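The values are calculated or read from the model by the stated rules, or taken from the named source; none is laboratory data. What you see is a predicted model, and the numbers here were worked out from it, not measured in a lab. Here the Cβ is made from the backbone with ideal geometry for all residues, glycine too, and neighbour counts use every protein chain on show.
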Amino acid sequence: MPKVIDLLRQGRYDELWQKCCGYLRLDIESFMSIQHRLMLEQIKLLDRSPLGQKIFQGQHPRSVDEFRQIVPLTTYEEYCPELPEKIEERLPAKPARWVHTSGRSGEYSCKWVPLTSEFVSELGSVICGIGLISGAREWGDTAPIIENPDIIYTVAPRPYISGELAKILLDEMPSRYYPSLEESEEMPFEERIKAGFSKALDNGLDYFFGLSLVLSIVGDQFRESAVKIDFRQLLGRPRAFWRVARGVLKARLARRRILPSDLWQVKGIITSGLDSSVYREKIKSLWGRYPLDIYACTEGSVIATQTWDYGSMTFIPHLNFLEFIPEKEYLKWQLDKRYQPRTVLLNEVQSGENYEIVISNFHGGALVRYRVGDMIRITALRNENLGIEIPQMLFARRADDLLDFVVIRLTEKKIWEAIEKTGIPYRDWVAFKRTGEPVLQILMELNEGSGLSEKRVEMAIYEQIIRSEIDDYTTSRAHDDLTNMIKFRVKVTLLPSGAFASYVSARQIEGADLAHLKPPHINPPQKILERLLASAGISIAKEEEPQVA
């Protein structure tokens, strides 16, 4: 089968789109047919492997229905010691690569997951397709397609899945990363970002793949530093000099500060993670286009992607078998961990409902009926505007990050959006529910010189949270009843300047894994709270320990 670059060079654009994005033209029956066919192939591979037999508990399912009835849902614990110790001879197929994620602090130092060569091949086409979609206006649009695109590299290096995705793209479609993959993997994160954008001033920028937060921060820095540009520093870099000069002129003619969109006309922005939706509009205003959000994880690689309407996401059929635990079933399991939640398939989901996602890797992968730990929301059973006949989804939350205040139910995303909407300049924050009280406790570090009081910050965040709750109800009476019933409050403790930076530095000195450098936004463990509060001269005894809802 020809590679993406071969189809591109030969001008075979219809085949290129079909190879990389053909799933967007499936109806739900065809989608499920692919799912069942590949799952039957995977069952045979699992049945012949020691790991598969362990997961199957000695039974031999002969159909997908039998598989779902016989095989229990799994977590990473069921794959020990095979995956943590990389015991390849016990796996369904020989891995071509290993990737890891850190998971939750205190559970595993890291979670290793194998990728087979067949899985990598299929994943390569999917990644190239996402690149096509990120710059497209419609199916088949070839305008943004170029050879050797210039890409800013801002993701975690290999063996993290994001770094591996970058390498897989490079194998399928030659590209220029700034910095190169080899350079990036030897650089600290902030140094990598600085070097990447410096190179982009000289060479240009076609695509961005990484964190939305990076785009937001870089855009703000450009606006803040525009009046301080010293063109003498660019005299030895003529291409950078003229790029910046044109950008400054464009901004002055528009009577505003310089924006990244004045310097680069990016063809596509690809992001993943909770912050994508939080910074969506800000990125559009700074960079001139919306980020294309994908839903990905280490255990399943890419599971779903937005399309050129930048709305809900479409599932990908040929990388993982997809099952969904209805939220009601998930809540039953929360009350009784011995309960085995019922799952439904994609052709059985309901619009407007939340589901915990469950995956089984195809193409010889190791994970079987694996609970990723994410809650997604089915927004519609099809994309009416684009004629996509597959149910649409959005990432809702981590399955365990819900802060429940009886009627008000807050996720990391909802709190983050409320903080952003206040317009308060901040460095970072963490939040938890105070034990036994309807109080959302937030520890926050503001930007230097903000001059805001804790009370003012509390009121601003509270107002934004309540405003979002009003939007969820049809009348203000519902809002009044809600607040009167639970007496919900927001309590903010302001941390001194540098509190989060000091925490990260301390974790680096301790040799912490990349994913454990920053504290989690929701329900940080007590040790993390102690460190952050100590910077403000507050002992943990004065604050409540976080309560997991």
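Points to keep in mind about this one:
- Screening Glu138 on (1) outside any helix (DSSP H, G or I); (2) touching a Cys at 6+ places or on another chain (Cβ under 6 Å); (3) outside the structural domain of Arg37 (by TED's automatic domain parsing) shows it passes everything except condition (2).
- If you go through segment 42-87 and keep only what is within 21 Å of Lys337 (Cα to Cα) and either β-branched (Val, Ile, Thr) or in contact with a strand residue (DSSP E or B) (Cβ under 6 Å, 6 or more places away or on another chain) (or both), you end up with Ile55, Ile70, Val71, Leu73, Thr74, Thr75, Tyr76.
- Within segment 414-447, if we keep just the residues that are over 25 Å from the mean Cα position of the chain (by Cα) and β-branched (Val, Ile, Thr), the residue that is nearest to Lys487 (Cα to Cα) turns out to be Val439.
- In segment 106-140, the residues that are at pLDDT below 95, in contact with a Leu (Cβ under 8 Å, 6 or more places away or on another chain) and among the charged types (D, E, K, R): Lys111
- Sole exception among (1) under 30 Å from Gly22 (Cα atoms); (2) crowded, with 21+ Cβ neighbours inside 10 Å; (3) of a type outside the set (Lys, Arg) for Ile461, by number: (1)
- Glu389, sole failed condition from (1) at pLDDT below 95; (2) under 17 Å from Thr307 (Cβ atoms); (3) charged (D, E, K, R): (1)
- If the condition is being at pLDDT 90 or above and aromatic (Phe, Trp, Tyr), then segment 269-327 contributes Trp287, Tyr290, Tyr295, Trp308, Tyr310, Phe315, Phe321, Phe324.
- Residue list for segment 438-449, filter: surrounded by fewer than 16 Cβ atoms within 10 Å (Cβ to Cβ) and on the phi < 0 side of the Ramachandran plot: Asn447, Glu448
- Thr305 vs. criteria surrounded by 24 or more Cβ atoms within 10 Å (Cβ to Cβ), at negative phi and assigned to a strand (DSSP E or B): yes
- Test set (1) touching a residue at least 24 places away in the same chain (Cβ under 8 Å); (2) not in a helix (DSSP H, G or I); (3) not polar (S, T, N, Q) - Ile283 fails condition number: (2)
- Filtered residues of segment 339-364 (kept if assigned to a loop (DSSP other than H, G, I, E, B) and within 22 Å of Gln57 (Cα to Cα)): Tyr339, Gln340, Pro341, Arg342, Thr343, Phe362, His363, Gly364
- Residue match in segment 175-188 (condition: modelled with pLDDT of 85 or more and under 18 Å from Leu263 (Cβ atoms)): yes
- Residue that is on the phi > 0 side of the Ramachandran plot, at pLDDT below 90 and not polar (S, T, N, Q), where the choices are Gly236, Gly196, Gly219, Gly210: Gly210
- Test: residue in segment 312-321 that is hydrophobic (A, V, I, L, M, F, W, C), under 22 Å from Glu412 (Cα atoms), touching a residue at least 60 places away in the same chain (Cβ under 8 Å) and in a helix (DSSP H, G or I): no
- Per this entry, Asn347 is not counted among residues that are buried (at least 18 other Cβ atoms within 10 Å of the Cβ), farther than 18 Å from Arg409 by Cβ and over 18 Å from the mean Cα position of the chain (by Cα).
This table checks each residue for (1) of a type in the set (Phe, Trp, Tyr); (2) part of a strand (DSSP E or B); (3) crowded, with 16+ Cβ neighbours inside 10 Å.
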| residue | (1), (2), (3) |
| --- | --- |
| Lys337 | no, no, no |
| Ala366 | no, no, yes |
| Gly373 | no, yes, yes |
| Leu394 | no, yes, yes |
| Arg397 | no, yes, yes |
| Asp401 | no, no, yes |
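- Of all residues in segment 141-155 being farther than 23 Å from Arg25 by Cα and either surrounded by fewer than 15 Cβ atoms within 10 Å (Cβ to Cβ) or hydrophobic (A, V, I, L, M, F, W, C) (or both), the one that is modelled with the lowest pLDDT: Val155
- If you go through segment 346-381 and keep only what is touching a residue at least 60 places away in the same chain (Cβ under 8 Å) and not hydrophobic (A, V, I, L, M, F, W, C), you end up with Asn347, Ser360, Asn361, His363, Gly364, Gly365, Arg369, Tyr370, Arg371, Asp374, Thr379.
- From the options Leu381, Leu386, residue that is among the hydrophobic types (A, V, I, L, M, F, W, C), more than 30 Å from Arg97 (Cα to Cα) and under 23 Å from the mean Cα position of the chain (by Cα): Leu381
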